[in-house]
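Undergrad: Dropping a structure here in structure tokens format, bear with me for questions.
The values are calculated or read from the model by the stated rules, or taken from the named source; none is laboratory data. Quantities reported herein were computed from a predicted structural model and do not represent experimental measurements. These area figures cover heavy atoms from the full protein model, side chains too; ligands, DNA and RNA do not enter into them. Shrake-Rupley method; radii C 1.70, N 1.55, O 1.52, S 1.80 Å.
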Amino acid sequence: LVMAVRFVNEHADEFNVLKDNYIVNGFSAGGNLVNLFCSKKVGYVNYGLAKPLMNIAVYSGCDIVTEDEEDKKFKYTTKLLGYSRLELINDYLVSKNAETFPKTFVIFAEDDDFVKPKEHQKLVDTLNELKIENKVLIGYRGRHGFGSGEGTPLEGWVDKAIEYLEEK
């Protein structure tokens with residue numbers, strides 16, 4: 001993602017775009033990637049890039065590994081290494097590194113059986129705690145992978161994200 005933003009900036013005249021005038025958008029794992037790109041420890045600030053105008057996180061959740069998973073799945077890491085797996089990946093926990101997030105549009109479906117709604121809510125709660133502007137769109141149906149939302153209650157979400165971007 002860093003290389004892509006740099007490439008577009010280096011060719012801004014050719015592409016007829018404004019340098020450093022960009023949004024990031026990702027779905028599922030790609031949504032997690034753009035969330036990390038917006039984070040303090042591993043994101044754009046570490047590469048001398050301008051802050052995105054907006055982040056659009058589509059069924060992305062918040063953190064890849066939670067403390068609950070840490071306790072259940074990786075209890076032997078601490079014994080072997082002297083520190084927990086969670087300590088190793090702290091830089092990659094969006095909930096602990098979201099201070100540098102731009103305005104963010106979060107969208108997900110309540111019936112997502114892959115990334116549970118509580119993980120999406122964790123992202124929203126984190127942004128709210130940090131007073132980072134955000135808007136949330138939740139569909140009661142759409143599951144994981146609703147794409148453009150066509151044929152689901154989330155149809156039209158792309159237009160809503162653009163409207164949110166254009167709000168002052």
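Undergrad: Using Cα pairs under 8 angstrom and six or more residues apart, how large is the relative contact order of the range 106-168, in percent? The partial results should precede the final answer.
TA: Values: 77 pairs, mean separation 21.4, N = 63.
After rounding, I find 34 percent.
Undergrad: Sticking with this structure for a sec: Quick one: how many Å² of F27 are accessible to a 1.4 Å probe, rounded to 10?
TA: Surface accessible to solvent at F27 totals approximately 80 Å².
Undergrad: Going down the list K41/K116; K41/K168; K19/K122; K51/K96; K96/K118; K122/K168, which pairs span over 23 Å between their C-alpha atoms?
TA: Going by Cα-Cα distance, K41/K116; K41/K168; K19/K122; K122/K168 fall outside the 23 Å limit.
Undergrad: Another one. Using only Cα positions of the chain, each an equal point scatterer, no hydration layer, compute I(q)/I(0) via Debye at q = 0.15 Å⁻¹ and quote the log10 values to two decimals.
TA: Debye curve over Cα of the chain, log10 I(q)/I(0) at q = 0.15 Å⁻¹: -0.86.
Undergrad: Here's a follow-up. Amide H neighbours of F105 under 5 Å, at least 5 residues apart or on other chains, H built in the peptide plane: list them.
TA: Here the answer is N55, I56, A57, K135, since their amide H atoms fall under 5 Å of that of F105.
Undergrad: Using a 1.4 Å probe on the protein chains only, how many percent of the accessible area of the chain belongs to carbon and sulfur? Intermediate results must be reported in sequence, preceding the final value.
TA: Details: 5060 of 9700 Å².
Within the chain, the accessible surface is 52 percent carbon and sulfur.
Undergrad: Check which residues have an amide H placed less than 5 Å from S39's amide H, if you skip close sequence neighbours.
TA: The answer is Y44.
Undergrad: A follow-up question, please. When a/c reaches 1.5 or more, the comparison of a/b and b/c decides; with that in mind, is the range 121-168 rounded, prolate or oblate per its Cα gyration tensor?
TA: oblate
Undergrad: Rolling a 1.4 Å sphere over the protein heavy atoms, what is the accessible area per residue of the chain, to the nearest Å²?
TA: 58
Undergrad: Something else about it: Sequence gap at least 6, Cα distance under 8 Å: using those rules, report the relative contact order of the chain to the nearest whole percent.
TA: It rounds to 20 percent for the chain.
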